[in-house]
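FYI, it's all coordinate maths here, none of it is from the lab. No experiment lies behind these values; they were computed from the predicted model shown. Because the Cβ atoms are built from the backbone with ideal geometry, glycine has one as well, and the counts that use them run over all protein chains shown.
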C-alpha cells in the first residue's frame, strides 16, 4: 500500500504563464459575481 | 490615455466602480510575475494554474466587496494572497499525500465517494449561515416562532403554550415570517443555493 503513495516529481517545464482558459474563466467569474449589501450583511450571487 | 500606462491604483478604482476591463489589464500586466512566483514554489504546472486561479478569485471577491485597503500596493497584495495559498496547498498536501494515477490504474475507479463533496458542504454551510442572518432581521415575535419550529422542531401546540398565544396566532406568525423572508430574498436578489 505504501507504494501507492509517492511524491510528485518536479516538472522540467519552464513557467509559461496562465492558460487563456484560466484568464477567460476569471474574467467571466468577475462579470457574473454580484455583491448585495443588506443592512450590515453582504451576499454573493453568481449571475450568468 | 492608453490602458498600459494607467497606474494600478487607478485601474483598481475603475474596477471597483464597475469597469470590468480594468481587471483584464491588471491580470495581463501581472500574470507572468504571479504565475512564475507560484510555479517557483510548487513546481507543478497544474497546481500553479489552480493557485493562480484561486488567487484572483480572492482578489475579485475582496475588491467587489469593497474590502481592499488602498494604502497598500496592488501587486505586493496579490503576491501575499498567492503566497498564503501556496502555504495552504502545502499544508493540505502534508495531511493528504498526493497520489498520482498511472495510465493502467486509477484509484478513483475503485473507491466510491458516498459523502458530500467539500464544495457542497461549504455551499450548504454558507446557505445556512445566510438564512440564520436573515432570520435575525425578522420582527421578534415571528423570529421566535420560526426558531422554535425550524431549529427546535417544536409543534405549533408547544409553541402556542410556550409563547402564551393561540395556535392560530403562532401559525400566523410563522406564515408571516416565511413571507417576510421570501420578500427580503426576492427584493435583494439573494441566491441561497447553487442550483
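Short-range pairs are left out: with C-alpha atoms under 8 Å and at least six residues apart, the relative contact order of the range B:119-187 is 31 percent. Among the residues of B:31-44, the average count of other protein chain beta-carbon atoms within 10 Å of the residue beta-carbon is 3.
Taking the Cβ-Cβ separation of residue B:91 and residue B:166 as r and a Förster radius of 51 Å, what is the calculated FRET efficiency to the nearest 0.05? Walk me through the numbers on the way to the answer.
Numbers: r = 56 Å, r/R0 = 1.10.
According to the calculation, E is roughly 0.35.
Taking other C-beta atoms within 10 angstrom as a stand-in for reagent exposure, A:29, B:37, B:90 fall in the order B:90, A:29, B:37, fewest first. Ordering B:122, B:79 by the number of other Cβ atoms within 10 Å of each residue's own Cβ, fewest first, gives B:122, B:79.
If you take each beta carbon of peptide A:17-24 and count the beta carbons of other chains within 10 angstrom, what is the mean? Can you show the working numbers first?
Values: counts 11, 11, 5, 0, 2, 9, 7, 0.
Across A:17-24, the average partner-chain Cβ count within 10 Å equals 6.
The label-point distance for residue B:184 and residue B:140, in a model that sets each label 7 Å from Cα toward Cβ, rounds to 1.7 nm. Ordering B:26, B:146, B:124 by the number of other Cβ atoms within 10 Å of each residue's own Cβ, fewest first, gives B:124, B:146, B:26. Peptide A:36-42 has a mean shielding of 5, counted as Cβ atoms of other protein chains within 10 Å of each residue's Cβ. Once you have a ≥ b ≥ c as the square roots of the Cα gyration tensor eigenvalues for the range B:5-58, tell me rounded if a/c is under 1.5, and otherwise prolate or oblate according to whether a/b is larger than b/c. Since a/c reaches 1.5 and a/b is larger than b/c, the shape of the range B:5-58 is classed as prolate. Stretched out straight at 0.36 nm per residue, the stretch from residue B:36 to residue B:5 would grow longer than its current Cα-Cα span by 8.9 nm.
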